[in-house]
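Heads up, the thing below is written out as structure tokens.
The values are calculated or read from the model by the stated rules, or taken from the named source; none is laboratory data. What you are looking at is a predicted structure, and each value in this text was computed from that prediction instead of being measured. Quick reminder, even Gly has a Cβ in these numbers, built from the backbone with ideal geometry, and neighbours come from all protein chains shown. Note: accessible area is taken over every heavy atom of the protein model, side chains too, but ligands, DNA and RNA are not part of it. Shrake-Rupley method; radii C 1.70, N 1.55, O 1.52, S 1.80 Å.
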Amino acid sequence: MISYHSSSELPRGGVPHPATAEASPVFLDGSFGEGGGQILRTSLSLSALTGRPLQLENIRAGREKPGLKRQHLAAVKAVAEICGAKTDGAELGSTTLSFSPGAIRGGAYRFDVGSAGSATLVAQTVLPVLLRAPEPSEVAITGGTHVPWAPTWDFFAESYLPQLHAMGARVEAECPMRGFYPAGGGEIRLRVEPFNEADARPFALEKTGALRRARVSAIVSGIQIAIAETEADILMEKFPELAFEREVREVESPGPGNAVWVSLEFERVTAVFSSIGEYDLSRKTVAHRVMNAVRKYLKTGAPACPHLADQLVVPIVALGGAGVFVKGKDTLHETTNWEVVRTFLPDARIEREAEPDCASATLRIALAEPGGKV
Amino acid sequence: MKTSIISLLGSTLDAHGPRGKDRWNAWRPNVALAMQEDLHFDEFHLLYQSQFKGLADSVVRDIRTASPDTVVVPELMEFDDPWDFGEVYGKLYDYALARRFDREERDWYVHITTGSHVAQICLFLLNESHHLPGKLVQTSPSGKGSKRNCGPRGTYRVIDLELSRYDALARRFASEKRDDITSLKGGIETRNAAFNALIETVERVAVRSRDPILLTGPTGAGKSQLARRVYELRKAKGLLQGAFVDVNCATLRGDQATSALFGHRKGAYTGAAADRPGLLKAADGGLLFLDEIGELGADEQAMLLRAIEEKRFLPLGSDKEAESDFQLICGTNRDLRADVAAGRFREDLLSRIDLWSFRLPGLAERREDIEPNLDYELEQWNARTGKRLSFNKEARRRFLAWALDPATPWRGNFREFNACVTRLATLADGGRIAVADVEAEIARSHVASSKSHVESRTCNSRPATCDAAEGGQRLSDPLADVLGADFAERFDRFDLAQLRDVAEVCRASRTAAEAGKRLFAVSRLAKKTANDSDRLAKYLAKFGLSFRTLAADRESAN
């Protein structure tokens with residue numbers, strides 16, 4: 001059983017404890033670590049979950065255009081709406097944000113991220129919070145589902161969500177409309193049931209298990225399907241041993257776009273590696289990006305790919321409070337996340353045990369009291 | 001703070017690039033605006049012409065796709081010729097005036113990349129003059145200082161004309177300010193230095209302060225006009241949005257006064273058949289001009305004081321206070337200090353309304369402004385009636401000589417002056433005011449002012465019955481300058497009428513030939529060889545005159 005260290009943090013039953021009203025504020029320097037949107041999203045989720053007010057300074061300091069951009073602001077507004085937060089500095093270009101969360105409420109929500117913003121990132125920010133609401137939620141998020149520098153919808157659906165299910169979360173998600181850069185206009189819908197404490201179980205992802213299926217997928221909207229065909233063919237050729245199923249199709253989207261990805265469905269995890277076609281990028285380059293990621297993953301052998309590794313931390317903390325998984329080399333996103341978690345939950349234990357070759361490591365997360373069971 | 005943008009549909013730039021979904025890969029300024037990562041509009045006003053409706057629909061759709069939480073408001077604006085400065089400026093100006101910009105609640109932006117170059121310049125000018133609020137946005141397809149392609153999103157730049165670093169523009173501001181001053185003077189190029197200095201101060205106060213203004217000065221000096229112009233100036237600057245409410249307190253008496261100003265509830269007194277919001281309420285968000293404030297009764301003074309200080313008041317018969325946030329200008333020709341001393345006017349009210357006190361001089365104190373005002377009144381008349389009325393040269397000279405004469409008292413000030421010009425204009429035949437008309441008017445004025453020291457406003461109703469010739473004989477006539485003071489005794493009235501016109505043409509002509517051409521314009525056509533100057537010389541000789549003497553008279557007159 002998971003036990004919480006402090007009644008003021010992550011209370012039992014998923015409903016923020018009244019004691020959160022006097023929870024001490026958390027001060028964070030937004031320029032630290034990864035120094036971009038990740039630190040903002042993680043701290044927003046954790047502020048809502050712990051009830052601790054957040055004071056974030058130097059948001060995206062040192063970037064060409066510092067401060068909050070539209071997709072960051074969309075995340076701030078989304079979490080604020082869900083937990084009735086009072087905000088100050090929730091404006092475009094603002095480099096400071098104070099965020100005083102209230103009680104998390106489920107319900108019907110709609111969040112518009114805007115064309116270039118990633119709907120998936122907003123989904124990942126709000127999901128752990130909504131799981132801790134006392135009511136079920138229906139959420140529509142519009143924006144990009146396949147944009148550069150953000151997880152694709154397919155990663156979210158095939159790789160990330162099953163791990164949340166494994167933690168006991170009851171979430172259904174669909175993508176009625178794809179949204180590519182630059183037009184956007186995609187939509188992700190989530191149906192979230194309140195997390196049931198009885199479903200909580202320690203999370204463990206230490207081995208991939210056997211490979212059950214491998215698939216290469218390529219999609220296009222408004223451009224020649226031949227582009228997707230070629231990308232799929234290149235990947236088929238590169239990995240004959242994986243005997244890919246091949247899926248090439250046109251998808252519905254307001255604007256033009258192209259994405260290609262490989263799904264490796266193992267017993268314990270499905271790993272997804274995707275690449276987004278861009279206007280002046282050759283189809284070969286697009287396919288090779290996927291190829292490199294797949295090769296690296298297979299070589300490392302760690303079940304949690306880099307994206308999964310940095311995105312599992314918050315759900316583990318939100319739902320079970322304890323988890324262990326094996327991942328590849330540390331990324332800046334990951335280490336930043338750990339620091340944010342430690343700041344919000346000073347007694348959280350995040351331990352990393354590297355393999356001798358340093359190529360992979362086991363990460364253990366526990367919110368238990370010292371001596372408590374993990 | 002919500003943000004709104006006003007932008008013209010770019011019939012070329014917004015249609016740029018391929019059709020179909022591939023259009024998203026092209027830079028289209030209006031769609032690109034909706035795609036910025038660090039710029040967001042809650043409201044997007046897209047101005048389009050009906051011939052580009054199809055493109056507008058598609059751009060509106062794409063803006064909504066790119067930015068679903070932006071409310072796109074397509075607005076039709078037709079240009080017959082988008083390159084016609086007058087038309088484009090006029091339409092955009094009207095658009096700016098018609099729209100109530102909630103400058104306090106919203107950040108406004110004006111996009112100046114699309115539309116014809118003429119439209120872009122007009123948008124810039126209207127923003128600079130504060131008719132269009134907020135900041136300018138310029139979009140471009142590539143990054144700064146390089147040809148780096150930024151894709152369909154391009155880049156943008158915000159230009160805030162309020163910032164002092166736009167030095168060149170600050171200089172333009174000075175000229176705009178001159179325009180403001182001109183507008184306060186009703187577009188009249190006044191010459192009186194004291195009056196001009198006064199108006200400059202009024203301009204500074206009007207633009208910088210919301211405090212009450214007190215205008216004093218004799219009746220007819222233009223207090224009401226100045227109040228209206230202050231209102232118009234403030235409105236153009238976005239300093240107020242409500243109506244201009246002009247009240248003459250001398251016309252208000254008893255219950256009616258209270259009710260007219262502060263409103264009443266149905267049944268508050270006999271005759272109060274329905275609710276009435278009152279004039280103070282009507283001026284909510286606008287400007288209230290209370291002329292003859294010295295005539296206000298004691299109760300109304302007390303209520304007004306409270307309405308100024310607390311922006312609330314109690315309508316007659318109501319138990320609920322009404323609220324109105326109005327700016328106030330008061331006018332009076334009385335000495336309110338003396339009224340305070342005599343207990344007729346509340347001292348606290350006076351000190352509240354005379355923070356800014358300006359005394360408008362009467363017309364007699366600024367006779368050098370008579371000529372510009374004459375031109376102004378004629379222009380107004382022409383604008384009102386659609387006619388092209390003018391003085392003939394001689395008549396103008398005659399009129400000004402009389403008007404500027406210290407013996408002409410102008411007790412009714414501009415109101416009297418205006419009435420004079422109206423009478424002249426009404427009675428003039430064929431679009432020309434002749435000397436005879438002027439003489440008649442002068443006679444009327446003399447009769448009126450000799451009758452009594454009449455109150456100026458009766459000037460309007462003075463009968464116009466004087467005989468022109470009588471006036472002409474009594475007063476100095478330009479013909480007297482060339483014929484001698486006794487000319488009326490030496491020549492027939494019949495001849496003098498013709499001579500006046502001939503002399504006038506001669507004065508307006510450079511040479512005798514030119515004058516002759518005009519004078520004999522019809523009959524000369526029938527002649528084989530015309531010698532107009534000779535005909536003229538012979539005619540003038542009958543009076544002992546020559547073209548040269550008349551022309552010399554012109555020189556000395558100028």
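Rounded, prolate or oblate: pick one for segment B:2-161, where a ≥ b ≥ c are the square roots of the eigenvalues of its C-alpha gyration tensor, a/c under 1.5 means rounded, and failing that, prolate if a/b is larger than b/c, else oblate. The shape class here is rounded.
Put a dot 7 Å past the Cα of B:Asn248, heading toward its Cβ, do the same for B:Asp299, and the two dots end up 2.4 nm apart.
Our analysis of chain B gives Rg over Rh at 1.09, with the two radii drawn from alpha carbon positions and Rh computed by the Kirkwood formula.
The label-point distance for A:Glu172 and B:Arg210, in a model that sets each label 7 Å from Cα toward Cβ, rounds to 5.5 nm. For segment A:295-342, the set of trypsin sites (Lys or Arg not before Pro) satisfying both a DSSP loop assignment and a count of at most 15 other C-beta atoms within 10 Å is given as A:Lys329. Summary of the geometry: segment A:67-132 and segment B:78-128, compared by the centres of their Cα atoms, lie 36 Å apart. Considering only alpha-carbon pairs that sit under 8 angstrom and 6 or more positions apart, the relative contact order computed for segment B:2-161 is 26 percent.
For chain B, the relative contact order comes to 9 percent (Cα pairs under 8 Å, sequence separation of at least 6). Considering only segment B:2-161, what is the antiparallel percent among its DSSP beta bridges, to the nearest 5? Just about 25 percent of them are antiparallel. The residue among A:Asn58, A:Ala123, B:Phe289 whose Cα reaches farthest toward the positive pole of the charge dipole of the protein assembly as shown, with charges on the beta-carbon of Lys, Arg, Asp and Glu, is B:Phe289. Among A:Leu281, A:Leu49, A:Leu68, the residue with the largest mean-square fluctuation in a Gaussian network model of chain A, with springs joining Cα atoms closer than 10 Å, is A:Leu281.
Between exposed chymotrypsin sites (Phe, Trp or Tyr not before Pro) in chain B, where DSSP calls loop and at most 14 other Cβ atoms lie within 10 Å, what's the longest gap? It works out to B:270-558. Can you work out the FRET efficiency for the pair B:Ser351 and B:Val158, with r the C-beta to C-beta distance and R0 = 45 Å, to the nearest 0.05? That gives a FRET efficiency of 0.50. DSSP beta bridges confined to chain B are antiparallel in about 20 percent of cases. Remark: mean inter-chain Cβ contacts per residue of A:65-76 equal 2, using a 10 Å Cβ-Cβ cutoff to other protein chain atoms. Over all other residues within a Cβ to Cβ distance under 13 Å of B:Glu37, the charged ones net out to +4, with Lys and Arg as +1 and Asp and Glu as -1. Considering only A:Leu319, A:Ile350, A:Ser43, whose Cα is most displaced toward the positive end of the charge dipole of chain A, charges sitting on Cβ of Lys, Arg (+1) and Asp, Glu (-1)? Highest projection toward the positive end goes to A:Ile350. Which entries of B:Lys91/B:Lys185; A:Lys69/B:Lys53; B:Lys185/B:Lys235 have Cα-Cα distances beyond 23 Å here? Pairs exceeding 23 Å: B:Lys91/B:Lys185; A:Lys69/B:Lys53. For segment B:1-104, the set of trypsin sites (Lys or Arg not before Pro) satisfying both a DSSP loop assignment and a count of at most 10 other C-beta atoms within 10 Å is given as B:Arg19, B:Arg100. With a cut-off of 13 Å on the backbone N, the residues of segment B:414-448 near the modelled label site 7 Å out from B:Asp501 along Cα-Cβ are B:429-436.
For the pair B:Ser523 and B:Asp102, the difference between a 0.36 nm per residue extended length and the Cα-Cα distance amounts to 144.8 nm.
In the protein assembly as shown, the DSSP beta bridges split such that about 50 percent are antiparallel, to the nearest 5.
Note on chain B: with neighbouring protein chains present and a 1.4 Å probe, carbon and sulfur make up 50 percent of its accessible heavy-atom surface.
Mean partner shielding of peptide A:111-117, defined as the number of other chain Cβ atoms within 10 Å of each residue Cβ, is 6. Using the alpha carbons alone, the radius of gyration of the protein assembly as shown stands to its Kirkwood radius in an Rg to Rh ratio of 1.18. Just how far, in whole angstrom, is segment A:188-215 from segment A:223-277 if you go by their alpha carbon centroids? Going from one Cα centre to the other spans 23 Å. The residues of segment A:98-212 expose on average 33 square angstrom of accessible surface per residue, using a 1.4 Å probe on protein heavy atoms. Under 16 Å of direct C-alpha separation, and excluding same-chain neighbours fewer than eight residues apart, B:Lys527 reaches these lysines: B:Lys517. Loop sites by DSSP among the GluC sites (Glu not before Pro) of chain A, restricted to those with at most 13 other Cβ atoms within 10 angstrom, leave A:65-205 as the longest stretch without any of them. Of the trypsin sites (Lys or Arg not before Pro) found in segment B:511-545, the ones in coil according to DSSP and having at most 13 other Cβ atoms within 10 Å of their Cβ are B:Lys527, B:Lys528, B:Lys542. Charge dipole of the protein assembly as shown (Cα centre as origin; +1 on each Lys and Arg Cβ, -1 on each Asp and Glu Cβ, all else neutral): 1620 debye, rounded to the nearest 20.
Label-to-label distance for B:Thr426 and B:Phe85 is 4.0 nm, based on points extended 7 Å past Cα in the beta-carbon direction. Springs join every pair of Cα atoms under 10 Å in this Gaussian network model of chain A, and among A:Ser94, A:Ser282, A:Ser45 the largest mean-square fluctuation is at A:Ser282. Leaving ligands and nucleic acids aside, the A/B contact buries around 1900 square angstrom of accessible area in total at a 1.4 Å probe radius. Taking the charge dipole of the protein assembly as shown about its Cα centre, with +1 at Lys and Arg Cβ atoms and -1 at Asp and Glu Cβ atoms, the residue from B:Ala221, B:Met303, A:Gly186 reaching farthest to the positive side is B:Ala221.
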